[in-house]
């Protein structure tokens, strides 16, 4: 009886072949994945290289827009800051004027400077009140710092003011401490200063002394601050000395003030006129 015999060598050959093919397929598949991954990586790198200049241009344009916007906002903020500072300064000045009004012995008319001419010998200011508010020629214009000038013309709604810095301006003044008197005029050779003449040499003078209106001459009320002494010298051939005065009021900065509703006492004016007539 014959038995069937299996060829174990052939089976082993086929098995080995299958294993080799399977390994080859796995290897090929693995290599294929690596290739795809490599291709993807190369594509991403290439795309990023190509996109970088475009991206830089976009970023640059956005930066320009942002910079222009920020510059515009900066200008607007600077403008707002300047307005706020101006308002704050104006409020401080108005508060000072209100305190001055409360402490003053004469009625005051608040006013605003509407025009200035301060760069010539014929300097002047214009204010926005006139005769309809009781303003008359000769009334002093003051602010919280001191004397500014005096009214020389009054229309119905506006007045013209001669400031301290005018060659024709004169006011009787006195040293606050000693009550020594003199006459204040503008120092044309040094336009930021005033001169006080006819102060007796016997009066001791120091820098920093306060000068105010004296009230003599029945022109201005006494006690209006004018300025302070910064220098002084004896006048040769006389018994007087000359003082150099720095005014308290800065005309270039003046924007508001008060006109003092002060008028000369007519009886005193008449008495002075009669006295002068006795010697004519």
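Here the gap between residue 88 and residue 234, fully extended at 0.36 nm per residue and compared with their Cα-Cα distance, gives a gain of 48.1 nm. Oblate is the label for region 165-280. Its Cα gyration tensor axes, ordered a ≥ b ≥ c, give a/c of at least 1.5 and b/c at or above a/b.
Label separation (residue 271 vs residue 75): 6.7 nm, computed from points 7 Å beyond Cα along the C-beta direction.
Note on residue 255 and residue 177: the model spin-label points, each 7 Å out from Cα along the C-beta direction, lie 3.6 nm apart.
Since every read-out is calculated from the coordinates, none of them should be taken as a lab result. Note that the structure is a prediction, hence the values are computed from the model and not measured. In this analysis, Cβ positions are derived from the backbone assuming ideal geometry, glycine residues included, and neighbour counts consider all displayed protein chains.
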